[in-house]
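The values are calculated or read from the model by the stated rules, or taken from the named source; none is laboratory data. Everything numeric in this text was worked out from a predicted model, so none of it was measured. Every residue, glycine as well, gets a Cβ built from its backbone with ideal geometry; the counts of neighbours run over all protein chains shown.
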Amino acid sequence: MRRAPHQRPSHILLLCLLLRPIASFAFSPDTLFQEGTDAYRSADYSRAAQAFRHSARLKPSSGALQNLGNAEWQRGSAGRAIIAWEQAAWLDPFNKSAQTNLRFVRKTSQLESPELAWYEVVSTWLPANWWAGLAGISFWVAIGACLLPGILRQRRATWHQAVAALGFTIFLLCLPAHLGVHTRSRIGFILDKDTPLRLTPTQESQILTRLSAGDPVRWQRTREKYVLLRTNHSQGWVEAEQYHLISQP
């Protein structure tokens, strides 16, 4: 007698469940990172870049992004190398190797750095996602130093005032830094050389200038497949796929 469709063997489902952890391990961030490292050592920079990129997407880390930048640079893709190193520095401002690479590439390729306001400079002192937490901690430490002595019926000591003043100072410093993180998230970089910057968001529009791979830009707004970008010297439209934001995975 023919088995009904709903009575198919369950060993296929069991096999799929058993293989799922193996497949997950095969594409884990650590496995991909090691694959990229091996490919880079064997001078297979395309495969290395692909592995590091997938590793960074699954688990964003400054190390994976730095290595991605190294592989892209070896492939001759300066724009993609710069965005990877910038993202590495975004996650970890203490990554000296990424900072050194950026200075070297910009000097050799005669590229400009993004123009930063003072509060954006302050926001680069710590990892981007630290400022909100630091603001919250410092605020409640200051409030606690002000209120707890009264709640506990203790005399307010000098050190209570010092802690409160320090907490409020750090909190006030975090506010412009947090704003700087928000505005810096709109910074991006051109991926390919000779990218046309157009007057209007159309293919037939006048070309204002051509941008180099790695040129810094700021996102203004999007219209269909075009984005309005502001460079250090001008403003115009480029196709969305021709640039990448620092805050994008």
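Among (1) modelled with pLDDT of 95 or more; (2) more than 12 Å from the chain's Cα centre (by Cα), where does GLY76 come up short?
(1)
Can you name every residue in region 129-141 that is touching a Gly at 6+ places or on another chain (Cβ under 9 Å) and either touching a residue at least 40 places away in the same chain (Cβ under 8 Å) or part of a loop (DSSP other than H, G, I, E, B) (or both)?
Once the filter is applied, which keeps residues that are touching a Gly at 6+ places or on another chain (Cβ under 9 Å) and either touching a residue at least 40 places away in the same chain (Cβ under 8 Å) or part of a loop (DSSP other than H, G, I, E, B) (or both), region 129-141 yields only TRP131.
Look through GLN87, GLN50 and report the one residue that is among the polar types (S, T, N, Q), part of a helix (DSSP H, G or I) and within 14 Å of the chain's Cα centre (by Cα). So that I can check it myself, show each step before the final result.
Values: GLN50 fails: within 14 Å of the chain's Cα centre (by Cα).
After ruling out the rest, the residue left standing is GLN87.
Only one of these conditions is not met by ALA132: (1) of a type in the set (A, V, I, L, M, F, W, C); (2) modelled with pLDDT of 95 or more; (3) within 20 Å of ARG186 (Cβ to Cβ). Which number is it?
(2)
What number goes with the only condition from (1) crowded, with 16+ Cβ neighbours inside 10 Å; (2) assigned by TED's automatic domain parsing to the domain that holds ARG155; (3) not small (Gly, Ala, Ser) that TRP90 does not pass?
(2)
Looking only at region 121-155, count every residue that is under 21 Å from TRP90 (Cα atoms), among the aliphatic types (A, V, I, L, M) and surrounded by fewer than 16 Cβ atoms within 10 Å (Cβ to Cβ) and tell me the total.
So the count comes out to 2.
Restrict the check to region 217-224 and report whether at least one residue is in a loop (DSSP other than H, G, I, E, B), surrounded by fewer than 16 Cβ atoms within 10 Å (Cβ to Cβ) and touching a Pro at 6+ places or on another chain (Cβ under 8 Å).
For region 217-224, residues in a loop (DSSP other than H, G, I, E, B), surrounded by fewer than 16 Cβ atoms within 10 Å (Cβ to Cβ) and touching a Pro at 6+ places or on another chain (Cβ under 8 Å): present.
Any idea which of LEU116, LEU166 is over 29 Å from ASN70 (Cβ atoms), in contact with a helix residue (DSSP H, G or I) (Cβ under 8 Å, 6 or more places away or on another chain) and either surrounded by fewer than 16 Cβ atoms within 10 Å (Cβ to Cβ) or in contact (Cβ under 8 Å) with a residue 40 or more places away in the chain (or both)?
The match here is LEU166.
Assess whether THR108 counts as being surrounded by 14 or more Cβ atoms within 10 Å (Cβ to Cβ) and either of a type in the set (Val, Ile, Thr) or assigned by TED's automatic domain parsing to the domain that holds GLY69 (or both).
no
State all residues of region 53-69 that are over 23 Å from THR195 (Cβ atoms) and not in a loop (DSSP other than H, G, I, E, B); if no residue qualifies, say none.
Result: HIS54, SER55, ALA56, ARG57, LEU58, SER62, GLY63, ALA64, GLN66, ASN67.
How many residues does region 45-81 hold that are surrounded by fewer than 17 Cβ atoms within 10 Å (Cβ to Cβ) and either farther than 23 Å from LEU91 by Cα or β-branched (Val, Ile, Thr) (or both)?
Count: 4.
Working carefully through the options GLY236, GLY144, GLY214, find the one that is farther than 24 Å from GLU86 by Cβ and either in contact (Cβ under 8 Å) with a residue 12 or more places away in the chain or assigned to a helix (DSSP H, G or I) (or both).
Answer to the check: GLY144.
Are any residues in region 135-163 modelled with pLDDT of 85 or more and of a type in the set (Gly, Ala, Ser), and if so, which ones?
Once the filter is applied, which keeps residues that are modelled with pLDDT of 85 or more and of a type in the set (Gly, Ala, Ser), region 135-163 yields ALA135, GLY136, SER138, ALA142, GLY144, ALA145, ALA162.
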